[in-house]
Amino acid sequence: MNTRPGYKPVIAAPVDEPVEVSLLAKSGAGEVYCGFLPRQWRERYSGYDSLSRRQGISANVTVLENLRMVALEAKKAGVSSALALNVRYSQEMLPEVLEYAEVWEQAGGQALLVSDLGLLLALQEKQPRLNRFLSLMAAAFNSRAVGFYRQFGISRMVLPRSLTIEEMHYIVKLHEDIEFEAMVLNDKCPYIDGLCNFYHGMAFPEGIRIPFEYQRAASEQKPVTYAHDLFYAGHACQLKFRAGKEIINPDWDNDFCRPHCAACCLQKLASAGINHWKIGGRGLPTEVKIKAVKFIKDAWNLAVDSPEEGIPCQEIKDLYKDTYGRHCSCELCYYPEDGMVEV
Amino acid sequence: MDYAYWIDWQNTRCEILPKARIYLGEECCEKRLPPPKKVMYWANRLHDQGNTLTFITPFVSDAGLIQVNNILDALSSIYDSYEVVCNDWGVFSLVIGRPSCIPLIGRLLSRQDTDPRLAQILDRPFQESLERDVWHVDGTPVRLKYKPPSEEYKTHLRTPSIINNRVLSYLSKTGSHRLELNNPLQGLKLELIDGWKATIYIPDVIVSIKRHCSTCSISLGSLTPNCCNLSAEWIHPSFPVPLHSCGNALYYLNNVLPDGFEDMGIDRIVLNMRISST
């Protein structure tokens, strides 16, 4: 296990507002990441997942000044910061995407999470000071694919969540001079991120109060809100499909009160050379994010303090139960082949 | 227009049109790649009949890369030149180093949203019929109205992201000149640079790949090559068409070719003979 003196894994936590940065840093995050979805982009390309993989105003920073503030607050708190520009773009979108990257760089942001080949090539030409992290949206499943992306200046790779830790370890061994990051909490989608062509829209469920932007129009009696898809019922991973007489739910149980978790695997991830641990959950309430960071930090401390080599799985399961009020289960395990042991 | 036929490598009794271009292989699951014996059987048979060959490869783990490499060795012993559809940049980098292989950019690398609901975004009368009151979290009743997508957004929805001058120029240097594309319900808009051509697949459109194979209900690591032949139809009222779950992949079917497809540089249609409605 990689527990040499001074070894400290970095927990990367999601932020949606500048105020969250210092709170998460104090809780144990060593890095923050965010998305950006400004009005001018929403006007042209929708508020769906067209600029990063998370849709809507509550899961993204929406004002340029706040984006600058996130970078500034991160600097003040002594943590690094990354901006997710991690979806596919059409050629016409790229100049604007590059503008946002430039704003981020000028504000002191340190990295971009990217997956689009066109954007990587454009960044290669511009040579910004920003680090380029390969998002799991890039779907690099093997060491050669990582090698392919490295020619575009990648300094860190977020490993796809469909890989086993053994597969990750093999990749890491062949690319020891870059950093690696893996998902450790929340958002374990049943689909493979980089190969999923479903879109993330905005649902307006019947009779349920939800956040969205609206405006008053002189011609309308009521305030108005606009959307491209009024029939959108939810993300495909959350819908229940009918297959003959059966109801199929694509295994998705995205409950942040009982999150998907890799806490039992932290030792193995560290041993595999994966030292950056990502917590999903842009758009979640601040207190839930803080709880998540603390949980992972405490789970790691349990693993480090364990006198025996191996996984202190029961203690970490107890910590999960104490933190979230419910037991974890195999279905919630991020890397079931590597971590979850029935005890 | 060039027609090609994607056949099921497991069905050795299927009839093959002599001299036609044949697609063989798998794009979504490395566990379903044909074993070397089957590869040799097909390569010999197709070569003897004068068929040109396009071998389809899936996204792969490092173990799968070795398997693909072995298959390419076998094919290269029979074909002096053949196409390889790459759905993984690792496979792509393997293929471009092989003189007998012509790399094609597969559907999983071309990257385009294919969610069938995207077509509904463009259907103005349908959307306007759904305008209604909704509740904001602050308690305000708000009129939800349809906003037609901008031309830029329509272009984004209809254009695979690989169609970018920088990307295509870069790929040209590796010897690639062909894109393999889905035929999504929202339509296609392609502006290819000189030297590039595109292939469109009929009738299957890939929508997503699952981490687990729903046919087997077990993890991908435990699949066997024969486990994914069943196809279940998934229906949801908010989807304009049913999805077809086949192994670890989700598809829908679209037999209607996009308007003006020949003018967009599409000069090949792949008929997926593994799907009964083709």
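The values are calculated or read from the model by the stated rules, or taken from the named source; none is laboratory data. Keep in mind that this is a model prediction, so the values were computed, not measured. Neighbour counts run over all protein chains shown; Cβ positions are idealised from the backbone, glycine included.
State whether the residues of segment B:186-195 include one that is in contact (Cβ under 8 Å) with a residue 12 or more places away in the chain, surrounded by fewer than 20 Cβ atoms within 10 Å (Cβ to Cβ), touching a His at 6+ places or on another chain (Cβ under 8 Å) and away from every other protein chain (no Cβ under 11 Å). Checking segment B:186-195: at least one residue is in contact (Cβ under 8 Å) with a residue 12 or more places away in the chain, surrounded by fewer than 20 Cβ atoms within 10 Å (Cβ to Cβ), touching a His at 6+ places or on another chain (Cβ under 8 Å) and away from every other protein chain (no Cβ under 11 Å). Among the conditions (1) under 27 Å from B:Tyr153 (Cβ atoms); (2) modelled with pLDDT of 90 or more; (3) surrounded by fewer than 21 Cβ atoms within 10 Å (Cβ to Cβ), A:Gln238 misses just one, which is (2).
Here is a check on your reading of the model: is A:Ser81 closer than 24 Å to B:Leu157 by Cβ and not aliphatic (A, V, I, L, M)? Criteria not met by A:Ser81. The number of residues in segment A:126-135 being out of contact with any Leu (no Cβ under 6 Å at 6 or more places or on another chain), at pLDDT 95 or above and within 14 Å of another protein chain (Cβ to nearest Cβ) comes to 1. Filtered by the rule that a residue be within 12 Å of B:Glu30 (Cα to Cα) and without any contact (Cβ under 8 Å) to a residue 24 or more places away in the chain, segment B:64-94 gives a lone residue, B:Ile66.
Among the residues of segment B:200-224, those identified as at pLDDT below 95, crowded, with 17+ Cβ neighbours inside 10 Å and of a type outside the set (A, V, I, L, M, F, W, C) are B:Lys210, B:Arg211, B:His212, B:Ser214, B:Thr215.
Selection of segment A:11-29 for residues being touching a Gly at 6+ places or on another chain (Cβ under 9 Å) and either among the β-branched types (Val, Ile, Thr) or outside any strand (DSSP E or B) (or both) yields A:Ile11, A:Asp16, A:Ala25. Consider segment A:88-103 and keep the residues that are within 7 Å of chain B (Cβ to nearest Cβ) and among the hydroxyl-bearing types (Ser, Thr, Tyr). The one that is nearest to B:Arg158 (Cα to Cα) is A:Ser90. Pairs linking a residue in segment A:271-286 that is closer than 15 Å to A:Glu20 by Cβ to a residue that is polar (S, T, N, Q) and not in a loop (DSSP other than H, G, I, E, B), with Cβ atoms under 6 Å and 6 or more positions apart or on different chains, are A:Gly283/A:Ser58. Determine whether A:Lys173 is basic (Lys, Arg), under 19 Å from A:Leu85 (Cα atoms) and out of contact with any Lys or Arg (no Cβ under 7 Å at 6 or more places or on another chain). For A:Lys173, the condition - basic (Lys, Arg), under 19 Å from A:Leu85 (Cα atoms) and out of contact with any Lys or Arg (no Cβ under 7 Å at 6 or more places or on another chain) - is not met.
Is there a residue in segment B:142-154 that is touching a residue at least 40 places away in the same chain (Cβ under 8 Å), facing another protein chain (nearest Cβ under 7 Å) and on the phi < 0 side of the Ramachandran plot? So far as segment B:142-154 goes, no, none of its residues is touching a residue at least 40 places away in the same chain (Cβ under 8 Å), facing another protein chain (nearest Cβ under 7 Å) and on the phi < 0 side of the Ramachandran plot. Total residues in segment B:243-276 satisfying the condition of being within 14 Å of another protein chain (Cβ to nearest Cβ), assigned to a loop (DSSP other than H, G, I, E, B) and out of contact with any Pro (no Cβ under 9 Å at 6 or more places or on another chain): the figure is 2.
Scanning segment B:171-185 for residues that are assigned to a loop (DSSP other than H, G, I, E, B) and either touching a helix residue (DSSP H, G or I) at 6+ places or on another chain (Cβ under 9 Å) or surrounded by fewer than 20 Cβ atoms within 10 Å (Cβ to Cβ) (or both) yields B:Lys173, B:Thr174, B:Gly175, B:Ser176, B:His177, B:Asn182, B:Pro184, B:Leu185.
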